[in-house]
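Enquirer: One structure coming up, written as structure tokens, with questions to follow.
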Amino acid sequence: MLQKLKEIKSTYKTSVNILLIEDNILEAKLLQELLSESQTHSFNWFHVQRLSKALELLNSCHKNSSPYDIIFLDLSLPDSTELDSLQALTNQVNYLPIVVLTNTEDDQLAIKAINQGAQDYLVKRTVTYESLRRSLYYAIERKQIQEDLQKVNHQLKLSNQLLKEEIEQRKTIQKQLEVSNHELQHFAYMVSHDLKQPLFTISSWAQLLEIEFQNQLDIKAIKYIQHIVNGTQRMDQFIEDILNYSRVQNSKQELESTDCNQLIFLVKQFLAIAIETNNATITCDSLPIVMANSILLEKLFQNLIDNAIRYRKKTHNPKIHISANLEKDQNNHPFWQFSIRDNGIGIPQKCFDKIFMIFQRMHSSEEYPGNGIGLATCQKIVQLHRGKIWLESEVGKGSTFYFTIPETNHKSSLNQS
Ligand code: ADP
């Protein structure tokens, strides 16, 4: 807008074409005489005595362009009265500035004329070279500014309309995305659920085969059966993880007062075998009570601590520390910032964003078993709680995963999108 207004420039032309509509020849000549005093500008007069003649001339011009720069209109013409003449002209050439000429100093009439589209008015008997010249340029410039403002206004309306349409489009796309996301979640849930049963059947029959025909099977056959059982177990874990991932979206939306110390206690119990076999030490600061979905928050801690144990360095026992600080964002809204620090193998910086995507792994399954669903699930849980998750890490030294939970989360306010 400002840029546009800057573009509106002064229009002091040196040669001006004037259409004069004046029935009185003497007065017309007087006006022409007055302006002929100018040393710097030339004024070309096109004089007519009737409104009808003027309209005829203007009618023959191209639409929105005429050879005239301005119209001087006498308000007492033989074929039209006062403001009717002005009305007829503005109807036909609303792009040209019009200065009305009156015989008397009738302020009411002058105001009406301005309100109906005239740029200025002059009282003929008091007119001087200076007032005529000033009025002429003032009228041209004012008209120009009005037109430019109208253009800017028009453009603004257009952009506004476009913006509204874009917002509507985005809303529709967002809605469609939500629906398809929901359907996809549901689909993943159903498929995973249905796959579990036949998998269980395969694994059970394979194990039965091994037990019942133990004496008839050679070592090679038993090894093959064990491969089948291991494969089905891995597949089962994979399905369970996908189910967990879909459950995050479909989980109960209610938040409750959740003691994070209690959650860590439960997670340690759940991971007891892994902790013991890896000789892991888990230390923990005093953690807060937050408004959260406790099942999801437990899963979040579980995934992060499980990773901290699994991605250990062969040379060191895993040492994991969990802490939380109350911080404030730039809008002064308080949030809890949790951190889970380990002394494991670390993650290259270029992978920081990638690892939160589903099925993205930095290590092969032979090296470190896994399926790349854990951190994607973590991210989803954090986002549902209106928080953020990120990490700092150095290869060979260890990683710290951070996540936030707003302190202002209220009951029943999980963020569904
Ligand atoms: P998964 O562990 O099943 O592969 P995740 O989504 O939990 O899936 O992790 C994605 C990848 O991020 C892992 O494959 C691993 O390469 C890397 N990663 C996650 N946590 C850690 C950690 N604490 N230390 C080192 N690497 C990690």
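Enquirer: Which of the residues belonging to the range 224-264 are among the polar types (S, T, N, Q) and touching a Phe, Trp or Tyr at 6+ places or on another chain (Cβ under 6 Å)? Even if it seems obvious, please write down each step before you answer.
Expert: In the first step, residues of the range 224-264 are kept if they are among the polar types (S, T, N, Q); the result is 226, 230, 232-233, 237, 244, 246, 249-251, 253, 257-258, 261-262.
Scanning the range 224-264 gives a single hit, SER246.
Enquirer: Please verify whether LEU162 is at pLDDT 80 or above, under 30 Å from ASP69 (Cα atoms), part of a helix (DSSP H, G or I) and of a type in the set (A, V, I, L, M), treating the condition exactly as stated.
Expert: no
Enquirer: Further, regarding this structure: Any idea which residue in the range 290-328 is farthest from the ligand (Cβ to nearest atom), counting only those that are over 34 Å from the mean Cα position of the chain (by Cα) and either under 25 Å from GLN249 (Cα atoms) or part of a helix (DSSP H, G or I) (or both)?
Expert: Filtering the range 290-328 down to residues over 34 Å from the mean Cα position of the chain (by Cα) leaves 302, 305-323.
Within this subset, residues satisfying the condition of being either under 25 Å from GLN249 (Cα atoms) or part of a helix (DSSP H, G or I) (or both) are 302, 305-310.
Values: GLN302: 11, ILE305: 9, ASP306: 8, ASN307: 3, ALA308: 5, ILE309: 9, ARG310: 6 Å.
Top of the filtered list is GLN302.
Enquirer: Tell me yes or no: at least one residue of the range 268-279 is part of a helix (DSSP H, G or I), of a type in the set (Lys, Arg), under 45 Å from the mean Cα position of the chain (by Cα) and in the same structural domain as CYS378 (by TED's automatic domain parsing). Quick ask: steps written out before the conclusion?
Expert: Of the range 268-279, the ones part of a helix (DSSP H, G or I) are 268-270, 272-277.
Checking the rest, the ones that are also of a type in the set (Lys, Arg) come to 268.
Checking which are under 45 Å from the mean Cα position of the chain (by Cα) leaves us with 268.
From the residues that got through so far, the ones that are in the same structural domain as CYS378 (by TED's automatic domain parsing) too are 268.
Looking through the range 268-279, at least one residue is part of a helix (DSSP H, G or I), of a type in the set (Lys, Arg), under 45 Å from the mean Cα position of the chain (by Cα) and in the same structural domain as CYS378 (by TED's automatic domain parsing).
Enquirer: Where the second residue is β-branched (Val, Ile, Thr) and part of a helix (DSSP H, G or I) and the first is in the same structural domain as GLY231 (by TED's automatic domain parsing) and farther than 15 Å from TYR224 by Cα and lies in the range 199-210, which pairs have Cβ atoms under 9 Å and are six or more apart or on separate chains?
Expert: Once the first residue is in the same structural domain as GLY231 (by TED's automatic domain parsing) and farther than 15 Å from TYR224 by Cα and sits in the range 199-210, its partners that are β-branched (Val, Ile, Thr) and part of a helix (DSSP H, G or I) give LEU199/THR232; LEU199/ILE239; PHE200/THR232.
Enquirer: Could you tell me whether PRO288 is more than 25 Å from TYR368 (Cβ to Cβ) and without any contact (Cβ under 8 Å) to a residue 60 or more places away in the chain?
Expert: Numbers: more than 25 Å from TYR368 (Cβ to Cβ): yes; without any contact (Cβ under 8 Å) to a residue 60 or more places away in the chain: yes.
Yes; evaluated as a whole, the condition is true for this residue.
Enquirer: Let me ask something additional. Which one of these does TRP336 not meet: (1) closer than 27 Å to PHE238 by Cα; (2) away from the ligand (no atom under 11 Å from the Cβ); (3) not acidic (Asp, Glu)?
Expert: (1)
Here's the yes/no breakdown for (1) modelled with pLDDT of 80 or more; (2) in the same structural domain as SER42 (by TED's automatic domain parsing); (3) part of a helix (DSSP H, G or I); (4) surrounded by 17 or more Cβ atoms within 10 Å (Cβ to Cβ):
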{"site": "LEU101", "(1), (2), (3), (4)": "yes, yes, no, yes"}
{"site": "ILE111", "(1), (2), (3), (4)": "yes, yes, yes, no"}
{"site": "ILE114", "(1), (2), (3), (4)": "yes, yes, yes, no"}
{"site": "LEU122", "(1), (2), (3), (4)": "yes, yes, no, yes"}
{"site": "ARG125", "(1), (2), (3), (4)": "yes, yes, yes, no"}
{"site": "LEU132", "(1), (2), (3), (4)": "yes, yes, yes, yes"}
{"site": "ILE140", "(1), (2), (3), (4)": "yes, yes, yes, yes"}
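Enquirer: Residues of the range 340-372 being buried (at least 21 other Cβ atoms within 10 Å of the Cβ) and touching a residue at least 60 places away in the same chain (Cβ under 8 Å), which ones?
Expert: Selection gives ILE340 alone.
Enquirer: Here is a follow-up. Being over 21 Å from VAL123 (Cα atoms), in the same structural domain as ILE140 (by TED's automatic domain parsing) and at pLDDT 85 or above: is that true of ASN91 here? Even if it seems obvious, please write down each step before you answer.
Expert: Working: over 21 Å from VAL123 (Cα atoms): yes; in the same structural domain as ILE140 (by TED's automatic domain parsing): yes; at pLDDT 85 or above: yes.
In short, yes.
Enquirer: Another question, then. Kindly check whether there is at least one residue in the range 361-372 that is at pLDDT 95 or above, assigned to a loop (DSSP other than H, G, I, E, B), within 21 Å of LYS314 (Cα to Cα) and near the ligand (Cβ under 8 Å from one of its atoms).
Expert: Taking every residue of the range 361-372 in turn, none turns out to be at pLDDT 95 or above, assigned to a loop (DSSP other than H, G, I, E, B), within 21 Å of LYS314 (Cα to Cα) and near the ligand (Cβ under 8 Å from one of its atoms).
Enquirer: Ok, one more. Would you confirm, using the coordinates I've provided, whether ILE273 is within 16 Å of the ligand (Cβ to nearest atom) and either modelled with pLDDT of 95 or more or touching a Cys at 6+ places or on another chain (Cβ under 7 Å) (or both)? Can you show your working first?
Expert: Numbers: within 16 Å of the ligand (Cβ to nearest atom): no; either modelled with pLDDT of 95 or more or touching a Cys at 6+ places or on another chain (Cβ under 7 Å) (or both): yes.
Here the answer is no, as ILE273 does not meet what is asked.
The values are calculated or read from the model by the stated rules, or taken from the named source; none is laboratory data. Fair warning: this is a prediction, and the values are worked out from it, not measured in the lab. Virtual Cβ from ideal backbone geometry, glycine too; neighbours counted across all protein chains shown.
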